[in-house]
Amino acid sequence: MNERAAAAAPAASKPRIAYWDNARFLLIVLVVVGHMISTVRTDSAPGFALYAFIYLFHMPAMILLSGLFSKPETTPKAITSTVQLLATWLLWEGIWSIIRFAVEGRGPGPGFLVNPAWTLWFLVSLVTMRILLPYIARLRHPLLFSIVLALGSGLLPAVGTAFSASRTLVFLPFFVAGWLIRDRGWLDGQWFVQPARWARIAAWGLLGTLAILLALTPQLRDVWRIDRWLIWRDDYLTVFDRAPLGDWQPSEWVWVSLGGIAVTAALLGLAAAMTLAVLVVTPRRRSAMTAWGARTLYVYLLHGPVVWVLRETGAVDAVAGVGAGGLLLLVGCGIALAVLLSLTRVSRVFRPVIEPRVDWLLRRP
């Protein structure tokens, strides 16, 4: 995600690397497309397969990129960046409250701020991860520690949507891995900087195989509602109750715990493999999407109200009702919306609500 420090970096600062901005844009497109088809995902087998494919890895990958550009430090710059994200979250909680009051006539409920509004969970999780990183970085095995937290979070029903706690813990390994990638140079090898042919073939092979398997399993939504696992909001007992694996629905605590840990480990492992595959095949050269990828925070926050309006007016349902052509149209609309919201004019107009100034809140170093 871009921030004011990145968007208005002085000339003396390090130039942005085209590759990472390309990766950001590709992932934010998946976010918009995923939200565009979310409410109609169970209407057709192709829609369910596409939704499952996207949600298997797109947010873990975005979290990893966020961790890659985070540091375990409390410098004035790092504090300012984190405070700005916090201010953006609070501002957009207010914006969503105004929208819902104007359209639905209901004010903030008892879960206001405690349960982040729709897409805002990402900001809360990111702020929390940044605060935790300096402490986790002091550990001997930070990645292993974060994995244990991720797998163990589903054991506790109390860990839920409040302040995005469940998603924060589940995705924490990707944030920590992102930091370690940069800190320890895990992806500095030539095989990644200029991927060899075998690496690209393997990456495309993994992504293509998974896409084909999902597409050729039209009964998946009847056998396993994997989509309910991939939202990462519920404890193991709840998610097994809502989305058993076929006839397997454990009820005893031991089997629920072991089964939940096993499924979560498998899904997160698959997400890690898919994330690496996408990073391998992402274009390295500068192009139009490089500039778009520098403004992904704008796309992330601004697409929400647009998609919400399309849902509430019935436009999404009407288009999806056409069939396969409607699904493709929704995907195309999602891509077009991501490009539109990435334009420079949009960032100029909406900068005050996306990157609010917080200098007045902080004491000068």
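Read the figures in this text as sums done on the coordinates, not as results from a lab. Remember, predicted model here, so these are calculated numbers, not experimental data. Here the Cβ positions follow ideal geometry from the backbone for every residue, glycine too, while neighbour counts run over all protein chains shown.
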* Asked: Simple spin-label model, 7 Å along Cα-to-Cβ: K77 to T313 in nm?
  -> 4.3 nm
* Structure fact -> For A291 and W186, extending 7 Å from Cα along the Cα-Cβ vector and measuring point to point gives, in nm, a value of 3.4 nm
* Asked: Given the stretch 130-244, what whole percent of its Cα pairs are spread farther than 18 Å?
  -> 66 percent
* Spin-label proximity, V114 to the stretch 234-269 - amide N less than 18 Å from point 7 Å beyond Cα toward beta carbon -> 234-235
* Mean projected area in nm² (Cα convex hull; one quarter of hull surface) for the stretch 206-346 -> 11.0 nm²
* To do: Could you go through the stretch 324-332 in sequence order and give the Karplus-derived ³J(HN,Hα) for each residue, using 6.51 cos²θ - 1.76 cosθ + 1.60 with θ = phi - 60°, rounded to whole Hz, and x for Gly and Pro?
  => 4, x, x, 4, 4, 5, 5, 4, x
* To do: Could you tell me which of rounded, prolate or oblate describes the stretch 166-229, using a ≥ b ≥ c as the square roots of the eigenvalues of the alpha-carbon gyration tensor, with rounded for a/c under 1.5 and, failing that, prolate when a/b is larger than b/c and oblate otherwise?
  => oblate
* Calculate the radius of gyration of the Cα atoms of the stretch 133-190 to one decimal place, then report Dmax, the largest Cα-Cα distance, as a whole number, both in Å. => 13.0, 45
* Asked: How far is it, in nm, from the label point at L343 to the one at L270 when both lie 7 Å from their Cα along the line to the Cβ?
  -> 3.9 nm
* Asked: What's the extension gain from R100 to D359 if we count 0.36 nm per residue and subtract their Cα-Cα distance?
  -> 90.2 nm
* Considering every pair of different Cα atoms, what Kirkwood radius, in Å, is found for the stretch 38-290? -> 20.0 Å
